[in-house]
1. Quick test of your reading of the structure: Val327 fulfils all but one of (1) surrounded by 14 or more Cβ atoms within 10 Å (Cβ to Cβ); (2) touching a helix residue (DSSP H, G or I) at 6+ places or on another chain (Cβ under 8 Å); (3) farther than 18 Å from Leu26 by Cα. Name the failing condition by number.
2. Only one residue in Ile323, Ile310 is in the same structural domain as Gly165 (by TED's automatic domain parsing), farther than 20 Å from Ile83 by Cβ, more than 15 Å from the chain's Cα centre (by Cα) and not charged (D, E, K, R), so which one is that?
3. Between Ala19, Ala44, Ala73, which is under 26 Å from Cys204 (Cβ atoms), of a type outside the set (Lys, Arg) and either touching an Asp or Glu at 6+ places or on another chain (Cβ under 9 Å) or at pLDDT 95 or above (or both)?
4. Just one of Val189, Val242, Val199 is surrounded by 15 or more Cβ atoms within 10 Å (Cβ to Cβ) and under 27 Å from the mean Cα position of the chain (by Cα); which is it?
5. If you check Gly257 against the conditions, is it buried (at least 17 other Cβ atoms within 10 Å of the Cβ), at pLDDT 95 or above, outside the structural domain of Gly326 (by TED's automatic domain parsing) and farther than 28 Å from Thr328 by Cβ?
6. Name the pairs whose Cβ atoms lie under 7 Å apart, with the first residue in region 223-238 and within 18 Å of Lys133 (Cβ to Cβ), the second of a type in the set (D, E, K, R) and in a helix (DSSP H, G or I), and 6 or more positions between them or separate chains?
7. Among the numbered conditions (1) within 15 Å of Ser62 (Cα to Cα); (2) of a type in the set (A, V, I, L, M); (3) not in a helix (DSSP H, G or I), tell me where Ile283 comes up short.
8. When you go through (1) free of Cβ contacts under 8 Å to residues at least 40 places away in the same chain; (2) closer than 29 Å to Phe219 by Cα; (3) among the hydrophobic types (A, V, I, L, M, F, W, C) one by one for Phe81, which number turns out not to apply?
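The values are calculated or read from the model by the stated rules, or taken from the named source; none is laboratory data. If you're wondering where the values come from, they're calculated on a predicted model, not measured in any experiment. Positions of Cβ are generated from backbone atoms using ideal geometry, with glycine treated the same way; all protein chains shown enter the neighbour counts.
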Amino acid sequence: MKRFDLERFGLGLAAPVLALIVAALLSSIALVISGNSPLHTFNAMLDYGTQPETVVQTVNKSTIYYLSGLAVAIGFRMNLFNIGVDGQYQIAAFFAAVVGGWLLLPGPVLIVVVVLVAVVVGALWAGIAAVLKVTRGVSEVISTIMLNVIGGGIVAYLLDPSRLGTIVGTQQVTTKPMPSDAYLPGIPVSGGEIYGFIVVAIACGIAYWVLLGRTRFGFDLRATGLSETAAVASGVSVRKMVIRTMLISGGVAGLVGMPLLLGGSHAYAQDFPTGYGFSGIAIALLGRNNPIGIALGALLWSFLEQSAQILDLEGVPKEIVTIMQGVTVLSVVIAYELVRRFSLVQQQRRVGAELRAAAGTPAAGEGSPA
């Protein structure tokens, strides 16, 4: 391996290692201030987090987080901030659950239909923000945040026994449950069952890598994000790219609720989890918009959440995990920026040395030959 390749590999590895060290140090300081032992807390979290049942829960949660991170990262690669993943997956999961509960189809066919409905609804909901941006210049940050609220309101309005909801059990209001033959089988392991939808999540990660890194569309998307002027000069329609990117991002966002819907709840209820979209923003930042990095970030995020459940028994406030997550994101962003600047300085020095060597000029500090 060449020296330059080794240097690039070392710098790429230095950023996450530095970020984790800084995050651990700052989290330790927070624990000491709260009157708790950092070593004892980290050991308790590690012991609980590596139990088979907790590992299964971590993997299941990280599957959801991974899809959310991918949805956000697609927009990030074009300098679009899709803050509306939370609303997109909620409204997508709701209508997918409605269709899954009312259609009479063979189980495997119904699963495919439910997933397609989720993708289409998520894409259309994100497409509203795209149309507003290209036609009226409305910032996608503002429009997607507002659409989160609107989407939540629509779901709350329709999830009513007099409309599309039904009462199950005591007072639980849900959509009509999906038939049992439409349950997506899980992967049995020693600690339980891993969501079968993890296969789809992995496929989405591979498709993300191929689409953005190996196709003309991905090149145009990244070029538009770096410089709209240069993209226009090369014949790229920025408006079309905005709409296409937001549709793809929304379509992936529509999948976020599918692991739970098809592998767990089998209906959309009032307590259907929210907030995965906002966690996806942090995870996309952690993973630097790289599919493998996002996977590692999703696993870390999920591990911290699941292992935090033991902290109450240890007398440690669970909020310390929120501090850890926030500090980790900030540390990653700062560490990568420091490494980027150091790498830039090294490249400038290398180019300068090569130019001096080509011109026969001695480097700074070297004396002239006698």
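1. (3) is the only condition that Val327 fails.
2. Working: Ile323 fails: in the same structural domain as Gly165 (by TED's automatic domain parsing).
Unique residue meeting the criteria: Ile310.
3. Numbers: Ala19 fails: either touching an Asp or Glu at 6+ places or on another chain (Cβ under 9 Å) or at pLDDT 95 or above (or both); Ala44 fails: under 26 Å from Cys204 (Cβ atoms).
Result: Ala73 is the single residue among Ala19, Ala44, Ala73 that is under 26 Å from Cys204 (Cβ atoms), of a type outside the set (Lys, Arg) and either touching an Asp or Glu at 6+ places or on another chain (Cβ under 9 Å) or at pLDDT 95 or above (or both).
4. Values: Val189 fails: surrounded by 15 or more Cβ atoms within 10 Å (Cβ to Cβ); Val199 fails: surrounded by 15 or more Cβ atoms within 10 Å (Cβ to Cβ).
None of the others qualify; the one that does is Val242.
5. Numbers: buried (at least 17 other Cβ atoms within 10 Å of the Cβ): yes; at pLDDT 95 or above: yes; outside the structural domain of Gly326 (by TED's automatic domain parsing): yes; farther than 28 Å from Thr328 by Cβ: no.
In short, no.
6. If the second residue must be of a type in the set (D, E, K, R) and in a helix (DSSP H, G or I), the pairs left are Ala231/Asp220; Val236/Asp220; Val238/Glu228.
7. Here Ile283 meets the rest and fails (3).
8. With (1) free of Cβ contacts under 8 Å to residues at least 40 places away in the same chain; (2) closer than 29 Å to Phe219 by Cα; (3) among the hydrophobic types (A, V, I, L, M, F, W, C) applied to Phe81, the lone miss is (1).
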